[in-house]
Amino acid sequence: MSRNFNWGSRDMASAGRNAMQNTGAGLQTIADTIQRFQQFKEFAKSEGVGRGELSPAYAQNLVSSVNTVMKAATRGEWRSVSPTRQCNIPPRCNVRSTPTPSKFGTQKLNLNERQAAIASLAQNLGLRSKEASLLNAKAAYTEAAGRGVISVSDGTKGGRFREVPITSERQIEALREAAQVQGEARAVMPPEKDWKEWREGGLREARETVAAFAKCRGLHDLRATYAAERYEALVGHPAPCNGGTIIDREADRTARMTIANELGHGRIDVVSSYVGGR
């Protein structure tokens, strides 16, 4: 048990998880980091990752996860590897250049009712999968009818509260369906599951199904559909990623600020990954 810097396991991934848990990082951060670190374990074992072409962003995330786990395992002695300088990975580009997934009825997919409700909330209200899973859809439906907005607080990034405006009947329908699926539960996700079980089980299945059907990156990419639709409504022409040409830069900037707030992001530049560059 003296291997892997005395972190209690001869398995690299398990030892890495033990080291990460000692850092005080959140459960989601640990899970994501170890999932990527698993690739390093496979590399060390076979001397070749063998994953084919990777996007610069994902490749950099893999190297970053190795650095994070190794720094924790060596108690700060690890010298970080630069993805660009030492691994020759191209700089990441977060500007969306491909069209957003087209609107589709989630009933067409081979999803159960809760999975379909979460996919619909993502594409019609721009919710993250965790936000949609933890949403009290019954309360949100009532709020939407009364105030014309919904409040999003559970599962948000950084714990940031926000409000999403109701601008279409499709949004009301998405909330109505989610509320029906929720039933007497406290949220849309199955009441018998905790977040980790749901994320690794039913939600992962939904993500993979949507990715295959819509030829996109899964549930998260459906937020881009919402963002592009809002951009067109606010500016009057399609988003740059969907072939639109920016005519009024001030109107473009104002729309991006609005969308950033509605998606729960603190920076306007992040919106480029949803609607395209300026």
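The values are calculated or read from the model by the stated rules, or taken from the named source; none is laboratory data. Keep in mind the model is a prediction, meaning the values are calculated, not measured. Ideal geometry is used to build each Cβ from the backbone, glycine not excepted, and the neighbour counts take in all protein chains shown.
Only residues that are among the acidic types (Asp, Glu) and touching a residue at least 40 places away in the same chain (Cβ under 8 Å): list them for the range 177-187, please.
Just the residues of the range 177-187 that are among the acidic types (Asp, Glu), to begin with: 177, 184.
Listed by number, the list holds a single entry, Glu177.
On the given criteria, is Thr100 surrounded by 14 or more Cβ atoms within 10 Å (Cβ to Cβ), of a type in the set (Ser, Thr, Tyr) and not in a helix (DSSP H, G or I)?
Numbers: surrounded by 14 or more Cβ atoms within 10 Å (Cβ to Cβ): yes; of a type in the set (Ser, Thr, Tyr): yes; not in a helix (DSSP H, G or I): yes.
Yes.
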Sole residue being over 30 Å from Pro238 (Cβ atoms), in a loop (DSSP other than H, G, I, E, B) and either modelled with pLDDT under 80 or touching a Ser or Thr at 6+ places or on another chain (Cβ under 8 Å) (or both), chosen from Asn94, Asn88, Asn67: Asn88
Residue among Thr209, Thr245 that alone is of a type in the set (Val, Ile, Thr), farther than 22 Å from Thr167 by Cα and assigned to a loop (DSSP other than H, G, I, E, B): Thr245
Do we have Ala239 as touching a Pro at 6+ places or on another chain (Cβ under 6 Å) and farther than 22 Å from Arg160 by Cβ here? no
